[in-house]
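Quick note: the coordinates plus some simple rules give every number you see, no bench work behind them. This structure is a prediction, so every number in the text was calculated from the model and none was measured. FYI the Cβ positions are ideal-geometry reconstructions off the backbone, even for glycines, and counts take in every protein chain you see.
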Amino acid sequence: MSISSKVREGIAASSWVVNIFEYRSPVVSEEKEVYDFRLGNPKIEPPAKFVEELKKVANNPFPGMHGYSALAGHIQAREAIAQTLSEERGLSFTAHHVIMTSGGAGALNIILKAILNPGEEVIVLAPLYLEYPYYIDNHGGVCCVAETNADFTVNIDTISAKITPRTKAIIINSPNNPTGMIYSGDSLKSIARLLNEKNRQFGKDIFLIYDAAYQDIIYDGNKVPDIFNIYSNTIFAASYSKPLSIPGERIGFAAVHPAMKNSGELMDALTFANRVLGYLSAPVLMQHVVANLQGVCVDRVEYQERRDMLCDALEDFGYSFTRPMGAYYIFPMIPGDDVLFAQGLSQEGILVLPGKSFGRSGYIRIAFCVNKETITNSLPGFKRVIERFM
Ligand SMILES: Cc1ncc(COP(=O)(O)O)c(C=O)c1O
């Protein structure tokens, strides 16, 4: 069979996802309930305003409504986003700094396509979003992993050690998947200082790609520091998947800092990448819908309640973790091997992902964007498994 050997390796490297699922089958009977905490596919329905806007757009058709948009997206959506960014950040964004994309994943892929030459390096912080290494490889880049501290805070020394003359970009994801960490303003400033120092040393401008997929899913009144006011060579990758609970609709955007040198050339490159990667234009119906939904978000309290239900119980059972500040994942350290632990949970019908897929073994990732009933009914299983492993 002549599939790409790299793709074959990718499939093999992800095989534990399949294995865990299959491991469960002989053990869990068909009737036994399955508690699936693997994916960030939210069970919470989109906000009422989304449904209203969708109906409004659908009920007011106009000629060409379903045709391709401009490659960078509809001007109305881009202008609405630019206005929101300008108000929030106190900077002068225009539609010419914004491009509509097929979700946050589409934004990350066009950014990497637009900036990378073969062999150039992209630094990512571990624990990391499991798709980054693949996205970087898609565009000929080399993924360089810098560990964060044991409590998942930024370790500036590990980042510094990874910067070389070939470094093109660093990806920062905050709130973070899988840890729920929000990096502090001071940490982001220390990253910016380091990048500026290295820029001077190597005579270049390292990009900071800010993955803002969870920027609106935050708890306990936490604030996400504004990266645009910290580092000017920033490219923002944003998504409506999580705030509007519409990941299947594939809509997001990329935005470049208004003060970035050569931002026009970068926008041209992003637009070209949107075309040649085959996205052409981001889904047009959704472009029309999100144009009028700036700042709209699902009820965060729904997620906070789920986080607290699960965290309170897991703490009682003896699981060790930092309560997430944002996003909807818990990343507990577990005793022993993470794949074995995940398999142990799967025997209880509980499906989670092992930490090794996020670049840190000895942990599991639990996505709590599920129904409350799933959490309540899964708790005895979580208890039995930690007791067995302790
Ligand atoms: C950290 C992170 N970035 C990007 C994405 C991609 O999101 P989207 O559905 O908008 O493509 C996800 C999805 O789960 C994510 O967790």
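Some notes on this structure:
- The fewest-to-most ranking of I206, I99, I230, I251 by surrounding Cβ atoms within 10 Å reads I230, I206, I251, I99.
- The distance between label points at F389 and Q294 comes to 4.5 nm (points 7 Å beyond Cα on the Cα→Cβ vector).
- 3J(HN,Hα) along the range 201-208: 4, 9, x, 9, 10, 5, 7, 10 Hz, from the Karplus curve 6.51 cos²θ - 1.76 cosθ + 1.60 with θ = phi - 60°, whole Hz, x for Gly and Pro.
- When each of K223/K383; K198/K356; K204/K261; K6/K204; K113/K261 is checked by Cα-Cα distance, pairs over 21 Å: K223/K383; K198/K356; K6/K204
- Counting Lys and Arg as +1 and Asp and Glu as -1 over every other residue whose Cβ lies under 10 Å from the Cβ of N117, the net charge comes to +1.
- Over the residues of the chain, the helix contribution to mean residue ellipticity at 222 nm works out to -13000 deg cm²/dmol, using -39500 (n - 2.57) for each DSSP H run of at least 4.
- Packing-based exposure ordering (other Cβ within 10 Å, fewest first) of F253, F152, F368, F389: F389, F152, F368, F253
- Rounded to the nearest 10 degrees, the inclination of helix 300-317 to the longest alpha-carbon principal axis of the chain is 30 degrees.
- The range 63-291, relative contact order in percent, only Cα pairs under 8 angstrom and at least six apart counted: 31 percent
- Full extension of the chain segment joining H96 with A161 gains 19.9 nm, where the gain is 0.36 nm per residue of separation less the Cα-Cα distance.
- Three semi-axes of the equivalent ellipsoid, the range 63-291, Cα gyration tensor, whole Å, largest first: 27, 19, 17
- Going from the residue with the fewest nearby Cβ atoms within 10 Å to the one with the most, R250, R307, R8 rank R8, R250, R307.
- Estimated FRET transfer efficiency when R0 is 45 angstrom, pair R8-N371 (beta carbons, to 0.05): 0.75
- Near E147, the amide H atoms lying under 5 Å from its own belong to A126; only residues 5 or more places off or on other chains count, and H is placed 1.01 Å from N.
- Full-stretch length increase - A70, N149 - with 0.36 nm per residue and alpha-carbon distance subtracted: 24.1 nm
- The orientation-averaged projected area of the convex hull spanned by the Cα atoms of the chain comes to 20.5 nm².
- Cross-link partners of K56 among aspartates and glutamates, defined as those whose alpha carbon lies under 19 angstrom from its own and excluding same-chain residues fewer than eight positions apart: E45, E249.
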